[in-house]
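My questions will all concern the structure given below.
The values are calculated or read from the model by the stated rules, or taken from the named source; none is laboratory data. None of these values were measured; they are calculated from a predicted model. Virtual Cβ from ideal backbone geometry, glycine too; neighbours counted across all protein chains shown. Just so you know, the surface numbers come from the protein's heavy atoms only, side chains and all, with ligands and any DNA or RNA stripped out. Shrake-Rupley method; radii C 1.70, N 1.55, O 1.52, S 1.80 Å.
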Amino acid sequence: MSVRDEVLTAESFDRYPTQAQIAAVLEEHGVDVELERCKVCGGEILRATAHRHDNGWVGSCCWDERLRMTA
């Protein structure tokens, strides 16, 4: 069974988990995760789901399709 098919934590979040919380749970299960800083808002983002833009990273938190045109 892959990590994709497992319930990784019994922990419950009051709100949608942050990228840092997701990374912490994945790392507890041996998944190598890299965090970056969103160049727009400065928040922690998972590099695997971030968009590369102008020598930096933009998270889904700030990504807008208009940014695609300026990449």
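Could you please state how large a percent of the accessible area of region 11-71 is carbon and sulfur, counting protein chains only and using a 1.4 Å probe? The partial results should precede the final answer.
On the way: 2140 of 4490 Å².
So the carbon and sulfur contribution to the accessible surface is 48 percent.
With each label point set 7 Å from Cα along the Cα-Cβ vector, what nm distance links Gln21 and Asp54?
3.1
Same structure again: Within a Cβ distance under 13 Å of Trp57, other residues only, what is the Lys/Arg minus Asp/Glu net charge? Write down the numbers at each step before the final one.
Numbers: positive: Arg37, Lys39, Arg47, Arg52; negative: Glu34, Glu36, Glu44, Asp54.
Taking every Cβ under 13 Å from that of Trp57, the sum is 0.
For Asp64, what accessible surface area do you get with a 1.4 Å probe? Give it in Å², rounded to 10.
Estimated to the nearest 10 Å², Asp64 gives 50 Å².
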